[in-house]
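Each remark here refers to the structure printed beneath this line.
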Amino acid sequence: MTDRRRVLVTGGAGYVGSHVVLALAARGDHVVVLDDLRQGHRAAVPPQAEFVQASAGDREALDRVLGAHDGWHAVLHFAALSLVGESMREPYRYLGENAGDGFALIDACVRHGVPRFVLSSTAALFGLPKTIPITEDAPVDPGSPYGESKWMIERALLWADRLHGLRSACLRYFNAAGADPGGRIGEDHAPETHLIPLVIDAALGRRPTLDVFGDDYPTPDGTCVRDYVHVSDLAEAHLLALDQLGTRSVVYNLGNGRGYSVREVIAAVEAVTGRSVPYRVVARRAGDPAVLVASSERIRAETGWTPRFSDLQDMVRTAWLWREANPHGFGDR
Ligand code: UDP
């Protein structure tokens, strides 16, 4: 018998999931990663973790993995289709796959007696928010089937708590950014749609120009404002929220509580890299709220979470180091 905590991480080969796996493994937890590698990268999983190639909704694989041992400490669920725009074009695939996988996983946790569940959730639950900063009590009104699919899993977790005592932490991230400061892993999406890696690629000359989606928003410089939060700080938040899970389930919003505009991101990349970023202003992207900034007071107060990389330039620096050193990401696409 070992007294290392045994945790299952779905989507542990993806961007946020792999940073959480790294943090769990670093503190000595026994991590089993379940990932179908449709979007994740095998090389993002550290050698200390066990790896199983399967999707998060694969009941047979879940029964095999969870049934192989007693005494699971927790399941952390990251695996999901995660492109907001794509979800508007393929709503039922997003609703069906994301929610369906989540339900199958929750059901497996209940059947195998897993007592704790951490969900990778999203600020996309809040659609076009009426009040900034956004607290956990803000009205939920997802702006996309992607956001809706995460909300469906949050609701299922509420029932799993009521009916079966499965305690959960739903962590609603704002804009995950940056990379492991040790340079071991980073962000590698195909296609890449996120602002910071795209700005870095424009600075590196890997793309001709950055398209700024609108500069006529009601914000100080007219471009959208987002709350960027470093992926290693997100990872730390998962560990704290998991360790804190006791007699009740929780939801936490995760951001830095301060917003940066698209132009400020461009300026930060220019400052960090010493290169200029070619960009042009194009039409707004459908569905983009002008401002999304989190209130993370609750997780700070309840778990002591304090982001270490709250400065935008620090976030950009780690993303830059990873992207410059790994021009083809993990090199498997
Ligand atoms: N954005 C942009 N050009 C791009 C990608 C993103 O101007 O090529 C803007 C986008 O409109 C949003 C912000 O950058 O205001 C962050 O977008 P991202 O897709 O990274 O995250 P989101 O906030 O959509 O989750």
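Structure above, values below:
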| item | result |
| --- | --- |
| Dimensionless Rg ratio for the range 1-50, taking C-alpha atoms and the 2.2 N^0.38 Å reference | 1.05 |
| q = 0.09 Å⁻¹: log10 I(q)/I(0) that the Debye formula gives for the range 180-333, counting C-alpha atoms only | -0.33 |
| The range 33-80: projected area of the alpha-carbon convex hull, averaged over directions, in nm² | 3.6 |
| Kirkwood Rh in Å, taken over the range 208-292 so that all alpha-carbon pairs contribute | 15.2 |
| Descending principal axes extents, the range 116-188, alpha-carbon based, whole Å | 43, 33, 22 |
| With every protein chain in place, the range 201-333: carbon and sulfur % of accessible area (1.4 Å) | 48 |
| Between 0 and 90°, nearest 10: helix 100-111 axis offset from the chain longest Cα axis | 30 |
| On Cα atoms only, tilt of 262-273 relative to the major axis of the chain in degrees | 90 |
| Span per principal axis, largest first, for the Cα atoms of the range 49-159 (Å) | 47, 29, 26 |
| Extension reserve of the Asp137-Asp215 stretch, reckoned as 0.36 nm per residue once the Cα distance is removed | 25.1 nm |
| Spin-label pair Glu324/Val110, simplified geometry with 7 Å Cα→Cβ offset, distance in nm | 5.1 |
| Extended-chain gain in nm, criterion 0.36 nm per residue less alpha-carbon gap, Arg89 and His194 | 36.0 nm |
| In Hz, Karplus ³J(HN,Hα) per residue of the range 241-256 (6.51, -1.76, 1.60; θ = phi - 60°; x = Gly, Pro) | 5, 5, 5, 7, 4, x, 9, 9, 7, 9, 10, 9, 8, 10, x, 8 |
| Accessible area in square angstrom per residue, the chain, 1.4 angstrom probe | 43 |
| Theoretical FRET efficiency, 1/(1+(r/R0)^6), r = Cβ-Cβ of Arg284 and Asp63, R0 51 Å, to 0.05 | 0.65 |
| Helical contribution to [θ] at 222 nm, DSSP H n ≥ 4, -39,500 (n - 2.57), averaged over the chain, rounded to 500 | -11000 deg cm²/dmol |
| Cα centroid separation, the range 257-284 to the range 154-174 (Å) | 37 |
| Expected-Rg normalisation [2.2 N^0.38 Å, Cα atoms] applied to the chain | 0.96 |
| Candidates Ala49, Ala123, Ala179, ranked by Gaussian network fluctuation over the chain, Cα under 10 Å, top entry | Ala49 |
| Solvent-accessible area of Ser18 with every protein chain in place, 1.4 Å probe, in Å² to the nearest 10 | 0 |
| Convex hull projection area averaged over all views, the range 169-254, Cα basis, nm² | 8.0 |
| Rounded to the nearest 10 Å², the accessible area of Arg155 at probe 1.4 Å | 100 |
| Accessible surface, 1.4 Å probe, highest first, among residues Leu158, Leu105 | Leu158, Leu105 |
| Compactness index (Cα Rg / 2.2 N^0.38 Å), the range 1-92 | 1.12 |
| Top of Ala319, Ala68, Ala202 by mean-square fluctuation, Gaussian network on the chain, Cα under 10 Å | Ala68 |
| Accessible surface of the range 2-87 [probe 1.4 Å, protein heavy atoms]: carbon and sulfur percent | 48 |
| Whole-Hz ³J(HN,Hα) from phi, Karplus 6.51 cos²θ - 1.76 cosθ + 1.60, for the range 58-64, glycine and proline x | 7, 4, 5, 5, 5, 5, 5 |
| Rounded to 10°, Cα long-axis angle of helix 312-325 versus longest principal axis of the chain | 80 |
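The values are calculated or read from the model by the stated rules, or taken from the named source; none is laboratory data. In this text, all values refer to a predicted model and were calculated from it rather than measured experimentally. All Cβ positions, glycine included, derive from the backbone under ideal geometry; neighbour counts span all protein chains shown. These area figures cover heavy atoms from the full protein model, side chains too; ligands, DNA and RNA do not enter into them. Shrake-Rupley method; radii C 1.70, N 1.55, O 1.52, S 1.80 Å.
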